[in-house]
Amino acid sequence: MTRDHISGLLRATCARVLSKDEDAITGGSLLVEDLEADSLDFAEIIETLKEHGVTLPAQDVLRIRTFDDFVDAVQARTAVETAR
């Protein structure tokens, strides 16, 4: 998965789950403070990623603060899974 593909998938998923316009989700958007994501929202986003073959460990999810952090975490995880 390319970074652009990951970003597009996450942006669309976050917009749907958080009831936000995709244009309102920028790289620096704080998921909790700016986009008002809660733990249930994170769980739904993570579940959507699983449907696309990406599993993020809990310790990775706990470090995510911004939208770009989310993209970075998914990109790093897909790189690890691809290397196997």
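The values are calculated or read from the model by the stated rules, or taken from the named source; none is laboratory data. All values derive from a computational prediction rather than experimental measurement. Positions of Cβ are generated from backbone atoms using ideal geometry, with glycine treated the same way; all protein chains shown enter the neighbour counts. Side chains included, ligands, DNA and RNA excluded: accessible areas come from the protein's heavy atoms. Shrake-Rupley method; radii C 1.70, N 1.55, O 1.52, S 1.80 Å.
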### Query
Could you say which residue among 53, 8 is at positive phi and open to solvent by less than 60 Å² (accessible area, probe 1.4 Å)?
53
### Task
Working only within the range 28-50, note down all residues that are closer than 19 Å to residue 76 by Cβ and part of a helix (DSSP H, G or I).
42, 45, 46, 48, 49, 50
### Query
If you scan the range 59-71, which residues turn out to be in contact with a helix residue (DSSP H, G or I) (Cβ under 9 Å, 6 or more places away or on another chain) and either assigned to a helix (DSSP H, G or I) or surrounded by fewer than 16 Cβ atoms within 10 Å (Cβ to Cβ) (or both)?
60, 61, 63, 67, 68, 70, 71
### Message
Just the residues that are buried (at least 16 other Cβ atoms within 10 Å of the Cβ) and either aromatic (Phe, Trp, Tyr) or not in a loop (DSSP other than H, G, I, E, B) (or both), please, taken from the range 16-27.
### Response
17, 18
### Query
When residues of the range 28-46 are filtered for being surrounded by fewer than 18 Cβ atoms within 10 Å (Cβ to Cβ) and farther than 14 Å from residue 12 by Cα, how many remain?
10
### Task
Give 82, 78 a once-over and let me know the one that is modelled with pLDDT under 95, among the hydroxyl-bearing types (Ser, Thr, Tyr) and either touching a Leu at 6+ places or on another chain (Cβ under 6 Å) or surrounded by fewer than 12 Cβ atoms within 10 Å (Cβ to Cβ) (or both).
82
### Message
I'm trying to understand the selection: among the residues of the range 32-78, which are among the hydrophobic types (A, V, I, L, M, F, W, C), without any contact (Cβ under 8 Å) to a residue 12 or more places away in the chain and under 15 Å from residue 17 (Cα atoms)?
### Response
40, 43
